[in-house]
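Scroll down for the structure; my scribbles are underneath it.
The values are calculated or read from the model by the stated rules, or taken from the named source; none is laboratory data. This one's a predicted model, so the numbers in the text were calculated from it and none came from an experiment. Backbone-built Cβ (ideal geometry, glycine too); neighbour counts: all protein chains shown.
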């Protein structure tokens, strides 16, 4: 066997051992503009095989504050065959770590890939607060009603903590629950507070449904 025939045989062996994987990946629906931690990004896609294709779909969540990779198995596809599926990205810390902020998703199969539009993963909780009393007396009650939502307007369930500061000293700390986005704080003020301005702080925490 001369060198020319040997090269042809080797080329055919390489071709069969490493078949080309080529497919067009179509995003059927772009992600929403904002997602919150605890939610799920769901993106329907269509894969159109440009060759007989066997492989895994590589999914990459690319954020300014982190990156996550994982794979999705797909069935063998013949030339021209279409396969519809959904990309699901659970936005829990156990899945995406500290990834948040401006993000996009890259789906690739072999050398072919597509990118989604940018979207935001947010851990912000927005508070709407109604103070029933604006002047407080020592030993009196402080009544605060409010609403807590994610940045995408979804109601949360969790806790809200009230702190009252007199200068750099904390004179009151009070914890209440947030149920379906709404909370009511009814706290008794210390009897020895001094006249003057007080600093009130509200911190909200959402319960992680995945622990």
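In this structure, residue 10 does satisfy being exposed (fewer than 14 other Cβ atoms within 10 Å of the Cβ) and either over 12 Å from residue 112 (Cβ atoms) or modelled with pLDDT of 95 or more (or both).
Test residue 129 against the stated conditions and say whether it is loosely packed, with under 13 Cβ neighbours inside 10 Å and either at pLDDT below 90 or outside the structural domain of residue 38 (by TED's automatic domain parsing) (or both). When the stated conditions are applied, residue 129 does not pass them. Inclusion of residue 102 among residues that are touching a strand residue (DSSP E or B) at 6+ places or on another chain (Cβ under 8 Å), surrounded by fewer than 15 Cβ atoms within 10 Å (Cβ to Cβ) and either in contact (Cβ under 8 Å) with a residue 40 or more places away in the chain or within 30 Å of residue 67 (Cα to Cα) (or both) is warranted.
Yes/no matrix, rows are residues, columns are (1) surrounded by 14 or more Cβ atoms within 10 Å (Cβ to Cβ); (2) modelled with pLDDT of 95 or more; (3) more than 15 Å from the chain's Cα centre (by Cα):
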{"position": "68", "(1), (2), (3)": "yes, no, no"}
{"position": "72", "(1), (2), (3)": "yes, no, yes"}
{"position": "80", "(1), (2), (3)": "no, no, yes"}
{"position": "96", "(1), (2), (3)": "yes, no, no"}
{"position": "111", "(1), (2), (3)": "no, no, yes"}
{"position": "115", "(1), (2), (3)": "yes, yes, yes"}
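Evaluating residue 61 against the criteria (1) closer than 30 Å to residue 162 by Cα; (2) modelled with pLDDT of 90 or more leaves one unmet condition, (1). Of the residues screened, residue 185 is one that is surrounded by 14 or more Cβ atoms within 10 Å (Cβ to Cβ), touching a strand residue (DSSP E or B) at 6+ places or on another chain (Cβ under 8 Å) and within 30 Å of residue 121 (Cα to Cα).
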